[in-house]
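A short worksheet on the structure shown next.
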Amino acid sequence: MQTVGYAARSPESPLAPMAFERRALRGNDVAIEITHCGVCHSDLHTARNDWGGTRYPVIPGHEIVGRVTAVAPGVTRYKAGDRVAVGCMVDSCMECDQCDKGEEQLCRHGMTGTYSGVDRVDGTPTHGGYSGAIVVREEFVVKVPDALDAAHAAPLLCAGITVYSPLRKWNVGEGTRVGVIGLGGLGHMAVKLAVAMGAHVTVVSRAKDKEADALALGAHVLLVSGDREAMAAARDSLDLIIDTVPVEHDLNPYLPLLDVDGTLVLVGQIGPLGKLSSLPLLRGRRRISASPIGGISQTQEMLDFCGEKGVVPEIEMIRMDEINHAYDRLEKADVRYRFVIDMATLENAV
Ligand code: NAP
Ligand code: ZN
C-alpha cells in the first residue's frame, strides 16, 4: 500500500514529505487510517539523533489514533470501522517471560519501536504516525473507549502510559505524595493521572508562570526548582517523584524532596546522570529508578481509566506542515501541553 509521511532525512534536515510503502497485510495485521498523531519529545530526540542510532529516513510519531480500514484473516479483535490506537511499539518476541506477563516493553529480545525500528519478519524499517496509514499486528493495537475523542486520546498512547505505568508500579493511591518534575507533555499527564488516583501532587518546574496551570490541572502545589528556600522547605515531603526532564540535569537538588524510602523515577532523559552524590540517597534510603512506557494490556487499562475518569490531555491542534515550527516550540517548552497533528491535513501538506 502506497502512502506518504513526514520524514527527517538527517539530524539537521527539517521534516519533509516522503512517499513509502506500507506492507501488505499478513497473519493478524490490522490496517489503520491515521486521523490524529501526538507530538512527543522523543520524536524530536529521534529526528535529531540525540540518542544515537536513528535510522534515516525516519518518520516519527507514536501517539497514533485512527480507524481500521482492513484486517487480515487471522484478526479476531478488530473489524473495519473500529476506532483504534497504536503507541510506541508494534511488535515484540511474544515468547519470553516478560511478553508472557504483558510487559512487552521489557521484552528480553527487545521490543520493536513504532518508528526507527526494524520489522521482525521482513527486516524493513518501521515508520510512525506522521503518515496516512499504518499496518500493525493486532496484539499491538488498542481500542479507544467511546468516551474519549480521537484528538485527546492520541497523547495518552505515549505521554499517558509512560507516567501511568510508574504511578501504578509504585502503588499511588489516596493520599500518596507525588512530585512531578517538568510540566510538559508527560508532566501534565502525570499530574492529571496522579490526581485521579487520589494523590497529593506537587509540580516542580523551572517556571513560576506555570503555577496557575499546575493548579488548574489539579496539582496542589507548584515548587519553583530555582527557589532554594522553597526547595529546602519541601524537604522529605514526597513519596514518589516522576522526573520528565528531557535533558541531562543535576538530580542532587531534587532527591532531598523525597521522604525516607521514597523513589525518583526517571522517565525523561536517557543518558548519563552527571555528578550524582550518594549522600541524599543514603540519608533517606532513597532510590532512583527509570521506566520505559508500559505494556499493551496496561495501555488499554490506562485508556479505559481515562475514559471513565474523564482524564484527557490539554492539546493544541496543528497541521502536518506546521511540524517543524512545533518542534522549535517543543524545544523551548513552549507548548501547553501537547501538540496533536490533524492528519486530515496531510493531503494538502505533500
Ligand atoms: P516536553 O513536553 O518538552 O516536556 C518536558 C518538560 O521538562 C518541559 O515542559 C519543562 O518543564 C522541562 N524541561 C525542559 N527542558 C528542561 C531543562 N533543560 N531543565 C529542566 N527542565 C526542563 O517533553 P515530553 O514529551 O513530556 O517528554 C519528556 C521526556 O520524556 C523526553 O526526553 C522524552 O524523550 C521522554 N520520554 C520517555 C518515555 C519513556 O518511555 N520513558 C516516553 C515518552 C517520552 P518546566 O518548564 O515545567 O520546567
Ligand atoms: Zn513518546
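The values are calculated or read from the model by the stated rules, or taken from the named source; none is laboratory data. A quick note: this is a predicted structure, and the numbers were derived from the prediction, not measured. Methodologically, a virtual Cβ is constructed for each residue, glycine included, from the backbone with ideal geometry; neighbour enumeration extends over all protein chains shown.
Quick one: in region 191-213, of everything that is of a type in the set (Gly, Ala, Ser) and touching a Ser or Thr at 6+ places or on another chain (Cβ under 7 Å), which residue is farthest from HIS249 (Cα to Cα)?
If we take residues in region 191-213 being of a type in the set (Gly, Ala, Ser) and touching a Ser or Thr at 6+ places or on another chain (Cβ under 7 Å), then ALA199 is farthest from HIS249 (Cα to Cα).
Of the numbered conditions (1) closer than 27 Å to ALA8 by Cα; (2) at pLDDT 95 or above, GLY271 satisfies every one except a single condition; which is it?
(2)
Quick one: ALA80 ticks every box in (1) of a type in the set (A, V, I, L, M, F, W, C); (2) loosely packed, with under 15 Cβ neighbours inside 10 Å; (3) out of contact with any strand residue (DSSP E or B) (no Cβ under 6 Å at 6 or more places or on another chain) bar one, so which box is it?
ALA80 satisfies all of (1) of a type in the set (A, V, I, L, M, F, W, C); (2) loosely packed, with under 15 Cβ neighbours inside 10 Å; (3) out of contact with any strand residue (DSSP E or B) (no Cβ under 6 Å at 6 or more places or on another chain) except (3).
Can you tell which of ARG26, ARG48, ARG108 is charged (D, E, K, R), in contact (Cβ under 8 Å) with a residue 12 or more places away in the chain and more than 21 Å from ILE270 (Cα to Cα)?
Checking each option against the conditions leaves just ARG26.
Name the single residue, out of those in region 137-155 being crowded, with 23+ Cβ neighbours inside 10 Å and outside any loop (DSSP other than H, G, I, E, B), that is nearest to ligand 2 (Cβ to nearest atom).
Ranking the qualifying residues of region 137-155, first place goes to PRO155.
Filter region 32-47 for residues that are within 9 Å of ligand 2 (Cβ to nearest atom) and of a type in the set (Asp, Glu) and give the result.
Within region 32-47, just ASP43 meets the criteria.
Where in region 156-253 are there helices (runs of 4 or more DSSP H), lying fully within it, with 2 or more residues that are without any contact (Cβ under 8 Å) to a residue 12 or more places away in the chain and in contact with a Pro (Cβ under 7 Å, 6 or more places away or on another chain)?
Here the list is empty.
Exactly one of (1) in contact (Cβ under 8 Å) with a residue 12 or more places away in the chain; (2) within 16 Å of ligand 1 (Cβ to nearest atom); (3) among the basic types (Lys, Arg) is unmet by LYS309. Its number?
(2)
Of all residues in region 53-78, which are within 16 Å of ligand 1 (Cβ to nearest atom) and part of a strand (DSSP E or B)?
Once the filter is applied, which keeps residues that are within 16 Å of ligand 1 (Cβ to nearest atom) and part of a strand (DSSP E or B), region 53-78 yields VAL58, ILE64.
Residues checked against (1) surrounded by fewer than 18 Cβ atoms within 10 Å (Cβ to Cβ); (2) more than 16 Å from ligand 2 (Cβ to nearest atom); (3) modelled with pLDDT of 95 or more:
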| residue | (1), (2), (3) |
| --- | --- |
| GLY175 | yes, yes, yes |
| VAL178 | no, yes, yes |
| GLY185 | no, no, yes |
| ALA190 | no, no, yes |
| LEU193 | no, no, yes |
| ALA199 | no, yes, yes |
| ALA207 | yes, yes, no |
| ALA212 | yes, yes, yes |
